[in-house]
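Rule-based calculations on the coordinates, nothing more; no lab input. These numbers come from a predicted model, not from an experiment. Cβ sites come from the backbone with ideal geometry, for glycine too, and all protein chains shown count toward neighbours.
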Amino acid sequence: MSNEEAPTVVDLFCGAGGLALGFTEAGFKIVLARDANAAAVATYRRNVGDHVAEEEIHAETALPEADVFIGGPPCQGFSSAGMRRPGDARNTLVSAYAKLIARHRPTAFVFENVEGFLTGEDGARVLDLLDPVIEVGYHVHLRKVNAANYGVPQHRKRVVAIGGLGWSPTFPAPTHAAYGAPGAQLVGRHLPPTPPLSSALDGLPAPAANAPGVPPGHFTGKVGAKDLERLRALGPGQSMRDLPEDLWHETFSRRAHRRVQDGTPTERRGGAPHGIRRLRADQPSKAITSMTRAEFVHPVDDRFLTLRECARIQGFADEFVFEGSQAEQATIIGNAVPPRLAFALAASLRADLAAARRRTGVAGKLLSFVPTESTGMSPALARITAEVRARFMSGPEVPIGGQVGLWG
C-alpha cells in the first residue's frame, strides 16, 4: 500500500463516531459504519458521514471488503461502572466481531472495550476475541491502556487490541505522563504531563438553565436543596464518602455497606462506591460514563457537569452535535472512544500499513498481552492471564520494562 492511498475502513459498533474521527484524521477512508443504536447512528450521520446505517450486527452480517476493521462491541455486560451481568447477550457481540474479521480477513483490525472485558465472564470474552483471529493468522497485541497517556484529559482505562493478518503491527507508545490517580505514574514518567481538566473546560460560558444551551448541550437543571448542601460541602477531589453520613444518598449508603448487609457476590458489586464527586481542575478528569451528569461535580461551581462539558472531556468539538434524548446523549457520550486516543491508534497503524506486506498461510500469534501495568493482579485477572499465556504463548515468561504479563 502506498502512502498516497487512503486505506479503507469498516467501522462496526460505531457509536457516535469517536473511532471514525480519529481514523479519518489519520488519513483513512471510512466506507461503511454500522450500529444498532438509533440515536448513535443519527449522531454519526449528522457529524461524520452518511455511510452509516442502523443494523443489528451478528457473525453473518454482510460487509464490503476493506483494509481495516475497527470497532468496540457494546460493553455494558462488562462495565465496572454498574452491575455486571454474566450471560449478557451483548457480551457475545465480541465473538461476532472476531468472527467477522476472521471471515473477511482485512489487512488489520482494531478493537476497543472497557477494562472489565478482561475478567468478565471469567475471561471468556478475551478468548472469544483471540481464538478466531489468531486461528486465521493475525498477529495481535492486546493491552490495557489509560487514555490519559495519549493526551486525553481523562483517566479512562480501556482494553485495545491491534492485529495484522500475517504481519506484526506496532502498538503506539504513550505520549503523555498521567497523574492524579492510583498507579497513573507507572507509565511514561519522562513524558509531558497529560492536560488537566481545566484545559477541556476552558472558554465555556456559564451554562444555560434549560436545553439546548450554547454550545449545544451546555445547560444544567436546577439542583435541589439537599443536593446543593452536598455540593457545597465537597472540596476538590472529594466524594460522597468524605461527607458526613447524614448527607449520604440512601442508595450510596446501601451500596457502601452492601457487602455485609446482603452478601452481594463480588462479581456483582461493580466499582467501589463514590457517589457524587467534585473533580479537580488541575488533574485529568475521572472516566466519563453515561451517569456522569448525576455524579461528577464541576471543579468550581456547585453544579453537575453539563453534556457539553462531558463531550469536551471526551474530546469532541463544540460543533459536534449529539442526537436523541438527554439520557441517550449521555449514554452516547459516555460510551464513545475519545477521538484523540483513536487518532493515536490510527496514526500508528497508518504508518505500519504503508510498509506492511500481508501474508496468507502464516501462523497467527499473540505478540503481547498487557492486562495491567502494576506489579500485582486480582485473582480473576491472574486466572485469565495464565490461561492466555498457556493458550497462545509458548516458552518462559519474559517481562519487558517491568510490565506484568507482557511477552514478546
Check: So how far apart, in nm, are the two label points at T360 and A225 if each is 7 Å from Cα heading toward Cβ?
Finding: 7.4 nm
Margin query: Sort S374, S239, S325 by Cβ crowding within 10 Å, fewest neighbours at the top.
Written below: S325, S374, S239
Check: Which of the lysines could a cross-linker span from K144 if the Cα-Cα distance has to be under 24 Å and same-chain partners fewer than 8 positions apart are dropped?
Finding: K99, K157, K286, K365
Next item on the list: Pull out the extension gain between E245 and V136, defined as 0.36 nm times the separation in residues minus the alpha carbon to alpha carbon distance; nm, one decimal.
Entry: 33.6 nm
Notebook entry, point to check: Which GluC sites (Glu not before Pro) in segment 312-357 pass both tests, a DSSP loop state and at most 12 other beta-carbon atoms within 10 Å?
Noted result: E319
Checklist line | Rel. contact order, % - alpha carbon contacts under 8 angstrom, at least six apart, the chain | finding: 20 percent
Item checked: Rounded, prolate or oblate (a/c below 1.5 giving rounded, otherwise prolate when a/b exceeds b/c) for segment 158-229 by Cα gyration tensor -> prolate
Item checked: Full-stretch length increase - E319, S199 - with 0.36 nm per residue and alpha-carbon distance subtracted -> 41.5 nm
Next item on the list: Can you run the Rg to Rh ratio on the chain? Use alpha carbon positions and the Kirkwood inverse-distance Rh.
Entry: 0.96
Next item on the list: Specify the angular offset, from 0 to 90 degrees and rounded to the nearest 10, of the alpha carbon long axis of helix 38-47 from the longest principal axis of the alpha carbons in the chain.
Entry: 80 degrees
Item checked: Ellipticity estimate at 222 nm from DSSP helix runs (n ≥ 4, -39,500 (n - 2.57)) divided over the chain, nearest 500 -> -8500 deg cm²/dmol
Check: Spin-label point model (7 Å from Cα, Cβ direction): what's the Y179 to E56 distance in nm?
Finding: 5.0 nm
Note to self: Cut-off 10 angstrom, C-alpha nodes, Gaussian network model of the chain. Which of E112, E250, E121 fluctuates the most?
What the structure shows: E250
Next item on the list: Report, ordered by chain and residue number, the aspartates and glutamates lying within cross-link reach of K29, taken as a straight Cα distance under 15 Å and ignoring same-chain residues fewer than 8 apart.
Entry: E4, E5, D11, D50, E65, D67
Notebook entry, point to check: Along the positive direction of the dipole of the chain (beta-carbon charges: Lys, Arg +1; Asp, Glu -1; about the Cα centre), which of P379, Q238, A342 reaches farthest?
Noted result: P379
Next item on the list: Sort the following peptides by mean Cβ neighbour count (other Cβ atoms within 10 Å, averaged over residues), highest first: 340-352, 167-179.
Entry: 340-352, 167-179
Checklist line | Footprinting exposure proxy for R34, R103 (fewest neighbouring C-beta atoms within 10 Å first) | finding: R103, R34
Next item on the list: Using a Förster distance of 22 angstrom, determine the FRET efficiency expected from the C-beta separation of R232 and A209, and round it to 0.05.
Entry: 0.70
